[in-house]
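Take a look at the structure set out below.
The values are calculated or read from the model by the stated rules, or taken from the named source; none is laboratory data. Quick caveat: nothing in here was measured; it's all calculated off a predicted structure. All Cβ positions, even for glycine, are placed from backbone atoms using ideal geometry, and neighbour counts span all protein chains on display. Ligands, DNA and RNA are stripped out before the accessible areas are found, and what is left, the full protein with its side chains, is counted by its heavy atoms. Shrake-Rupley method; radii C 1.70, N 1.55, O 1.52, S 1.80 Å.
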Amino acid sequence: MMNDEFTLTVEFHTSAEEIYKAFLSTQGHTRMTGSPAKVDGHVNGKFTAWDGYIWGTFLELEKNKKIVQAWRTSEFPEDAEDSRVEILLEEIETGLDTPRKARGYSTTITLKHTNIPEGQAEGYKTGWEDFYFKPMREFFG
């Protein structure tokens, strides 16, 4: 059985630290997505998002640079192993003065989602855009 994967690249006008902190805290994650989350932002710490639809564990953390998660949803077949989400943050100084508190920064997120149960990748690709990147654009400005 083949497992699916995809990579998405998105840019936000904020610092890598702001994004990193938001992903790793209950309050930050909830505010960033607009949906209740519970996050223990440490290696081996657990998280749930979108009312328990998504859950998993932090496998690897590199401050303001990298987040690696074991990740699954309630739609995974019971016998499926966890998928893996790797979030790489690359911050560049733009030198632009914007009225935001994180002025002068732009951060590129490269999100690589691997080991997805067969046939589910398209749905999650759309899901990352609709349920993460869209609200994050509004939240981070």
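Structure values in brief
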item: Among (1) open to solvent by less than 20 Å² (accessible area, probe 1.4 Å); (2) in a loop (DSSP other than H, G, I, E, B); (3) touching a Pro at 6+ places or on another chain (Cβ under 8 Å) - the single one residue 32 does not satisfy; result: (2)
item: Contacts under 7 angstrom Cβ, first residue in the stretch 50-78 being without any contact (Cβ under 8 Å) to a residue 40 or more places away in the chain, partner part of a loop (DSSP other than H, G, I, E, B) and among the charged types (D, E, K, R), 6 or more apart; result: 56/82; 70/82; 72/82
item: In the stretch 13-27, residue farthest from residue 46 (Cα to Cα) [restricted to those that are of a type in the set (Gly, Ala, Ser) and open to solvent by 10 Å² or more (accessible area, probe 1.4 Å)]; result: 15
item: Test: residue in the stretch 37-46 that is surrounded by 14 or more Cβ atoms within 10 Å (Cβ to Cβ), closer than 22 Å to residue 7 by Cα and either touching a residue at least 12 places away in the same chain (Cβ under 8 Å) or hydroxyl-bearing (Ser, Thr, Tyr) (or both); result: no
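Residue-by-condition table, conditions (1) open to solvent by 20 Å² or more (accessible area, probe 1.4 Å); (2) modelled with pLDDT of 95 or more; (3) within 26 Å of residue 30 (Cβ to Cβ):
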site	(1), (2), (3)
93	yes, no, no
96	yes, no, no
99	yes, no, yes
108	yes, yes, yes
111	no, yes, yes
122	yes, yes, no
125	yes, yes, yes
129	yes, yes, yes
